[in-house]
1. Sort Arg122, Arg59, Arg6 from largest to smallest accessible area, using a 1.4 Å probe on the heavy atoms of the protein chains.
2. Quick one: 3J(HN,Hα) in Hz for region 114-121, Karplus 6.51/-1.76/1.60 with θ = phi - 60°, rounded, Gly and Pro as x.
3. Can you sort Cys116, Cys27 by solvent-accessible area, 1.4 Å probe, largest first?
4. At 1.4 Å probe size, with no ligands or nucleic acids counted, give the accessible surface of Asp51 in Å², nearest ten.
5. Pop out the ³J(HN,Hα) list for region 26-36 in order, Karplus 6.51 cos²θ - 1.76 cosθ + 1.60 with θ = phi - 60°, rounded to Hz; leave Gly and Pro as x.
6. Debye calculation, C-alpha points only, no solvent: report log10 I(q)/I(0) for the chain at q = 0.19, 0.20, 0.21 Å⁻¹, in the same order as the q values.
7. Taking only Cα atoms and a 10 Å spring cutoff, compute GNM fluctuations for the chain and point out the largest among Pro32, Pro90, Pro80.
8. If you count, for each residue, the other Cβ atoms within 10 Å and average over each peptide, how do 10-21, 60-71 line up from highest to lowest?
Amino acid sequence: MAEPRRYEGEQVTVTFDGSRCLHAARCVQGLPAVFDTTRRPWILPDGAPADAVAEVVRRCPSGALRYELHDGEPEQPAMPTRVSARAGEPVWLRGELAIDTGDGVVRERRAALCACGASANRPYCDGSGECGAWKDRVAELDG
């Protein structure tokens, strides 16, 4: 896997792992001044207050987006850990996660794991399998 890209701002840094993005569009819908896929760079962390950027990043259901506040608390895991496993969807996880990728254990707060076995990015879902029904429920995944 490639290293996530870093977008440095004055008060917050946003990282993006394109291999994990499922294009739920929670970022571009939430803060289009910060997240705009038509410009380069597509993430401008200083386009909104740092706490607003952090709030929108936490909506990313796949965990492709992360943030680091320069002065403040790191992202807190959902408590208790939540798991959503429905037919036709990835396994959605939110909480204090330790995911064994086969190459080691990765610490996460949010993840979408492949449930169908078709992903080329296992254990993470890449949307290549028969898992399209989740897009109808994306608003439910914000919590």
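The values are calculated or read from the model by the stated rules, or taken from the named source; none is laboratory data. Predicted, not measured: the structure shown is a model, and the values here were computed from it. Neighbour counts are summed over all protein chains in view; Cβ atoms, including those assigned to glycine, are modelled from backbone coordinates with ideal geometry. Protein only, heavy atoms only, side chains kept; ligands, DNA and RNA dropped before computing areas. Shrake-Rupley method; radii C 1.70, N 1.55, O 1.52, S 1.80 Å.
1. Ranked from most to least accessible, the order is Arg122, Arg6, Arg59.
2. Using θ = phi - 60°, the values come out as 5, 9, 9, x, 8, 5, 7, 10 Hz.
3. Output order, biggest surface exposure first: Cys116, Cys27.
4. 110
5. The phi angles translate into 5, 6, 5, 6, x, 8, x, 6, 9, 10, 9 Hz.
6. -1.18, -1.30, -1.40
7. The residue that fluctuates most here is Pro80.
8. 60-71, 10-21
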